[in-house]
Structure formats: structure tokens, C-alpha cells
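The structure appears right after this line, and notes come after that.
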Amino acid sequence: MAYWMIVSLSLAYLALTANLELANVVLGLLIATGLAWLLQPQPRRVELRRLPAALLALGRYLLVVAWDVIKSGLGVARILLDPALPIQPGIITIPSGCRSELATALSAHAISLAPGEIVVEIDDEGLMYVHALDATRSKEYVAQAQQLRSDLLRKIFP
């Protein structure tokens, strides 16, 4: 078990509760131990030869997400300023295209960051169900954007 995780979670618990009584310290240790046991981080080997490509992909990924947030924000602002603009809200399915659960979660988070879209559910095969403010526009755009995100996330998390 990762002792560093138990110590850091215990310290975070004590900082949040601001109570250093013995009973609270013991409770914090028990909660932190339980969480560390449930989470059990998997050790990852860092391959130094892959690090530059992964860092470059991470930079591109952050720029892509930032651009998606800006573009979606402007689209939602346009809808709000012109209520007569025809929109068709709905739920669309997006395959994550990622092998890693962490990469799938980050992809879902990137989608939910963009105004007008939110991931409602992810099934066991990595298929994301997304509620979109304008489902017709989203279907065309989503395939390209998700492919780019999943390619970058595969470079970051092999």
C-alpha cells in the first residue's frame, strides 16, 4: 500500500477539519487508509525515450481543449443572444477510442469542460453518452475532435 498516499490524505483531512484531537487524527488515518486501499495506485514505469513525445502531446492536448472551450463558449453565447436560432438538443454517443480508463476519463472531462456539452454516462466499452445543446452540429464535429483527443491521449498514456 502507498504510505505516501495515506500520509498525504491524512494531512489533507486534518487540514480540512482543523481538529488535532487524538480521536480525529485516528479517524483521519482510518479514512486515509481505507481510501488508499480502495484506490491502490498502479505503479507506472516512465520511459525516458517516450517523455519528450508525451510532453509535446500533453501541450497540444491542453491547447486543443482550450480552443474547444473558447469555440464552444462563443457558440453558446451566440445561442443565448439570439434565442430564435434553431437548436436541437439531444444525446449523442461518442466512442472514447482510448485503452486507458484514465485517458477515457480525461477525454470525458475535456468534453464536459466545453460549454453546451456534458458527458452523462460512460459504459464499460468506453462509449460516452453526451448531452449536446445542438446535437446536429455536434455529430459532425465530435468525430474529428474525439479522434484528435484520443490520439494525443494515447501518446501521453500508452
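Quick check on Gln144: is it under 30 Å from Glu47 (Cβ atoms), open to solvent by 30 Å² or more (accessible area, probe 1.4 Å) and over 17 Å from the mean Cα position of the chain (by Cα)? So Gln144 fits the description; yes.
Among the residues making up region 3-23, those that are touching a helix residue (DSSP H, G or I) at 6+ places or on another chain (Cβ under 7 Å) and not aromatic (Phe, Trp, Tyr) are Met5, Ile6, Leu9, Ser10, Leu14, Thr17, Leu20.
For region 27-36, check the following and say yes or no: at least one residue is over 23 Å from Ala2 (Cα atoms) and open to solvent by less than 90 Å² (accessible area, probe 1.4 Å). So far as region 27-36 goes, no, none of its residues is over 23 Å from Ala2 (Cα atoms) and open to solvent by less than 90 Å² (accessible area, probe 1.4 Å).
All conditions but one from (1) at pLDDT 85 or above; (2) exposed (fewer than 14 other Cβ atoms within 10 Å of the Cβ) apply to Val119; the one that does not is (2). When the residues of region 88-99 are filtered to those that are part of a loop (DSSP other than H, G, I, E, B) and open to solvent by 60 Å² or more (accessible area, probe 1.4 Å), the one that is farthest from Ile156 (Cα to Cα) is Gln88.
Being hydroxyl-bearing (Ser, Thr, Tyr) and over 27 Å from Leu113 (Cα atoms), is that true of even one residue in region 28-41? For region 28-41, residues hydroxyl-bearing (Ser, Thr, Tyr) and over 27 Å from Leu113 (Cα atoms): present. Just one of the numbered conditions (1) within 26 Å of Pro52 (Cα to Cα); (2) open to solvent by less than 60 Å² (accessible area, probe 1.4 Å) is not true of His109: (2). Of all the numbered requirements in (1) exposed (fewer than 13 other Cβ atoms within 10 Å of the Cβ); (2) basic (Lys, Arg); (3) in contact with a helix residue (DSSP H, G or I) (Cβ under 8 Å, 6 or more places away or on another chain), Arg60 misses one, and that requirement is (1).
Can you say whether Val120 is closer than 30 Å to Leu39 by Cα, under 15 Å from the mean Cα position of the chain (by Cα), of a type outside the set (Asp, Glu) and outside any helix (DSSP H, G or I), as far as the supplied structure shows? Yes: the conditions hold for Val120. Of the residues Ala66, Ala77, Ala84, which is more than 24 Å from Asp151 (Cβ to Cβ) and at pLDDT 85 or above? Answer to the selection: Ala77.
The values are calculated or read from the model by the stated rules, or taken from the named source; none is laboratory data. As the structure is a computational prediction, the values presented were derived from the model and not from experiment. Virtual Cβ from ideal backbone geometry, glycine too; neighbours counted across all protein chains shown. What goes into the accessible areas is simple: the full protein's heavy atoms, side chains included, and nothing from ligands, DNA or RNA. Shrake-Rupley method; radii C 1.70, N 1.55, O 1.52, S 1.80 Å.
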